[in-house]
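I have placed the structure first, in the form of structure tokens, so that the comments after it can refer back to it.
The numbers here are math on the coordinates, done by the rules we state, and not lab data. The model shown is predicted, which means the values in this text are computed figures rather than measured ones. Cβ placement follows ideal geometry from the backbone for every residue including glycine, while neighbour counts extend to all protein chains displayed.
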Amino acid sequence: MAQKTLLNGRVLSFTGSPFEVEPTEAVKISEAVLIEDGHISAVADADSLRSDHPDAKVVDHGQNVIMAGFVDAHVHYPQTAMIASWGKRLIDWLNTYTFPEEMKFGDPAYASEIANLYLGLTTAHGTTTMCSFCTIHPESVDAFFAAAQQRNQRVVAGKTCMDRNAPEGLRDTAQRAYDQSQALLENWHGIDRLSYAITPRFSPTSTPEQLEAMGALWAEYPHCLMQTHLSEQTDEIAWVRELFPETRDYLDTYEKFGLLGSNGLYGHAIHLEARERDRLREVDAALIHCPTSNTFIGSGLFDMNGLMRDGHRIGLATDTGGGSSFSMLRTMAAAYEIGQLRGTPLHAAQLLWLSTVGSARTLRMDDCIGNVAPGMEADLIVLDLASTPAIAQREACADDLWEAIFPTIMMGDDRAIAEVWIAGQRVSN
Ligand code: GUN
Ligand code: ZN
């Protein structure tokens, strides 16, 4: 008989979107969650689950919060070793720090070392799923999927395609990008918990021919996700205008080549024109907010409030290593601060929703991850709301759960992640 585990604590699930109803009303707190066969089989009160399942192993987490593992909707695992590199804005940052590091990923041993390092670090921070850019090298994709497969993690990744404005050694061609992406997709997509995303880096590093080839590939595999970058910095947008004089705007450089669609993920999306906002909404594309990256690289302030109001599908992401942290808690704090700078602070429930259900929705995976409900995969974290003396003293004065949880969002790190469960198995940190 399958092993059953009953986790007792404050089990946090979302019953709706805190952007559509009063934030606290989108959340339900239960006493216990039952895990069976890698899945959540019940969420209910502790006594009844205990008496219905006397064979279950019980783990009591007291006042700790049990919730879905974080879903990081946009990362670059190959940038792990150059995170927090000083003083450059986007294009200089790519040329100075990013490309030289990405050059190393043709070596399968190095790719595997960093993939495992990255997955270890992010697991310790409570992230159980991520959508990652790899590098130009197929080896970098193989290494990441193999490492995730070994850990039984649900991840999305793809070969980052570039055929111009990148150094020799980091460029392919339209045809090679197509062929290698297709071969990787055929090898990995749908195997265990792995999904492939077609990944043109961004318009400045692809010729129109390469964008067209990527669009053709996506048309053949429309169920796959496609990830790229959009309107991150004003200098970048001006450059796109020079490189693609025929197009209406940045989004049009994707749209024109079949790279705009409902399974598309557009990272950053800060400086959008009205047409771009409307088109993204019309096709139900996903926007990925990367707040620590946007402040770290000096990109700008994402319009969470306005875009949510207009009905956009939005996820939250670290954007490691443009982002300055592996932690989704730190990322939520940065999203809060950007909201404050725009005069629209986000509620703790909205921040937690964005980093779980919201991101899972952008990956079209909200039917299996990102929430605590019967039938979902058991990717769970246990949050200690008093993980440091500074947080504990603030939490001790809290009048309700939201006031208790907010100091952990603002000041917490991997010490706040008491336990991580992936596919129903506890991961030892
Ligand atoms: N735009 C194109 N490539 C990248 C990248 O690696 N990081 C960020 N933040 N923006 C990009
Ligand atoms: Zn990125």
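Relative contact order for region 134-178: what is it in percent, counting Cα pairs under 8 Å that are at least 6 residues apart?
Worked out over region 134-178, it gives 38 percent.
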* **Simple label model, 7 Å out from Cα along Cβ direction - Thr96 to Glu186, nm** => 4.3
* To do: Treat each spin label as a single point 7 Å out from the Cα along the C-beta direction, and report the Glu22 to Glu209 distance in nm.
  => 6.1
* Asked: Sorted from fewest to most neighbouring beta carbons within 10 Å, what does the list His39, His312 look like?
  -> His39, His312
* Asked: With each pseudo-label sitting 7 Å past Cα toward Cβ, what's the Lys104-Ala238 distance in nm, one decimal?
  -> 3.4
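Over region 77-177, what is the relative contact order in whole percent, taking alpha-carbon pairs under 8 Å and six or more residues apart? Could the numbers behind the result be given before it?
Details: 131 pairs, mean separation 27.4, N = 101.
So the answer I get is 27 percent.
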* Structure fact -> Among Phe99, Phe133, Phe326, the residue with the largest mean-square fluctuation in a Gaussian network model of the chain built from Cα contacts under 10 Å is Phe99
* To do: Once you've got the GNM for the chain with C-alpha springs shorter than 10 Å, pick whichever of Asp366, Asp55, Asp319 has the biggest mean-square fluctuation.
  => Asp55
* Using only alpha carbon pairs under 8 Å that are at least six residues apart, calculate the relative contact order of region 114-271 and give it in whole percent. => 19
* Roughly how many debye, to the nearest 20, is the charge dipole of the chain about its Cα centre, given +1 on each Lys and Arg Cβ, -1 on each Asp and Glu Cβ, and no other charges? -> 300
* To do: Can you work out the PRE-style zone for Arg248? Point 7 Å along Cα to Cβ, and I want the residues of region 262-301 with backbone N under 17 Å.
  => 262, 272-285
* Inter-part distance where region 386-429 and region 72-101 are each reduced to a Cα centre, Å -> 29
* Backbone N within region 254-270 under 17 Å of label point (7 Å from His223 Cα along the Cβ vector) -> 262-264
* To do: Enumerate the lysines that Lys159 could reach by cross-link, defined here as Cα to Cα under 29 Å, with residues fewer than 8 away along the same chain left out.
  => Lys88, Lys104, Lys256
* Computed lengthening from Gln3 to Glu113, 0.36 nm per intervening residue step minus Cα-Cα distance -> 36.4 nm
* To the nearest 0.05, how large is the calculated FRET efficiency for Arg342 and Asp55 if R₀ is 51 Å and r is the Cβ-Cβ distance? -> 0.50
* Structure fact -> Residue separation between Ala146 and Asp47 times 0.36 nm, minus their alpha-carbon distance, gives in nm 31.6 nm
* Asked: Given the options Ser359, Ser30, Ser231, which has the most mean-square fluctuation in a GNM of the chain, springs set between C-alpha atoms less than 10 angstrom apart?
  -> Ser30
* Per DSSP H run of n ≥ 4, the term is -39500 (n - 2.57); total these for the chain, divide by its residue number, and report the mean residue ellipticity at 222 nm rounded to 500 deg cm²/dmol. => -10000 deg cm²/dmol
